[in-house]
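The values are calculated or read from the model by the stated rules, or taken from the named source; none is laboratory data. Keep in mind it's a predicted model, so treat the numbers as computed, not measured. Every residue, glycine as well, gets a Cβ built from its backbone with ideal geometry; the counts of neighbours run over all protein chains shown.
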């Protein structure tokens, strides 16, 4: 009786395993077999080079010229996006006159980062990034090296070609903000201790407004810091706060007649709804800023690569020793994340190469399809994106990278 039951159970399990193997193999075979026209499209509309080289950007020149806002969405924790950020901004600065870098930093962090550009003060840079929203970049050599490269580039520019950072994130570091506000007190009035209580900082701002009543620029800075502190008190939704900050600063700095560069996490650069929410780029597109037809989004996609992830955010068996783990990440990993259509990209981009691909050329086989818009996973280790507006141009360019190393934490 027991033998018969065991035989029946093993038979059922064997059949299920066989069914899964057939389904798994059939899916991959079908994805590969149906990918011919997509591979051809990607090949004809891309620039593919070895990792150590720099793009010419010639395939996107006409799009760059026509765009007023150019946004890049990185996946935090990889080394290659850090290098691309510096290289691409330099290209835009030299060839398209870009002088404003909108960043995933809060307002005060960006103000102080502009001071760092001038001074090169490493302690200041460490303070700025200490409580940065991008956790992987707080104590990370790759991210620090990125800002060091920006400082070196800034230092050799003539005064009329200098650039500045603009922070649009919600307040991330109350202590840094309070310290900055305290530093604005006239000489001799600086308090010996700085309170991180929001109400105390708001009260101090009101005092400073009377001191700087004849300085419109400083009054704006103080008012803007105060509004962000109140958003923190009210627990404002981060994406809405980011858009509100972008909107105010875009108008305050008269950026409508300028070309602007923005560098953010991946989610923020998508131009349509993701997981039922409108990311920053989508809110900008729908706004009255007049940018809907003059926006360009470039988003990263990485394969066969390594990512710095906080160890405490991973299951025990995936952790390395120390606060960060060097985690293998691939967009074709069925366990962690699989993006339907990823094989098309792998077929046209060799290992240790990267491809800058125009995703909206005509005729476009990706239009009105879920290919490259559908992801799934077996283990819920990372968040998945559900694209709610199928067929819409979420991004105009994809930067597909194979074999990126992680963004290296400092020892």
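Tabulated values for the structure
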item	result
Residue 246 vs. criteria crowded, with 16+ Cβ neighbours inside 10 Å and within 25 Å of residue 93 (Cβ to Cβ)	yes
Which numbered condition residue 362 misses (of (1) at pLDDT 90 or above; (2) in contact with a strand residue (DSSP E or B) (Cβ under 9 Å, 6 or more places away or on another chain); (3) in a loop (DSSP other than H, G, I, E, B))	(2)
Per-region count, segment 334-359, residues under 23 Å from the mean Cα position of the chain (by Cα) and surrounded by 15 or more Cβ atoms within 10 Å (Cβ to Cβ)	17
Residue count for segment 65-78, restricted to those that are surrounded by fewer than 24 Cβ atoms within 10 Å (Cβ to Cβ) and farther than 20 Å from residue 280 by Cβ	2
Residue match in segment 178-197 (condition: in a helix (DSSP H, G or I), within 30 Å of residue 258 (Cβ to Cβ) and in contact with a helix residue (DSSP H, G or I) (Cβ under 6 Å, 6 or more places away or on another chain))	yes
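Quick grid of which residues meet (1) in contact with a helix residue (DSSP H, G or I) (Cβ under 7 Å, 6 or more places away or on another chain); (2) under 28 Å from residue 166 (Cβ atoms); (3) in contact (Cβ under 8 Å) with a residue 24 or more places away in the chain:
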residue	(1), (2), (3)
268	yes, yes, yes
272	yes, yes, yes
286	no, yes, no
289	yes, yes, yes
300	yes, yes, yes
353	no, no, yes
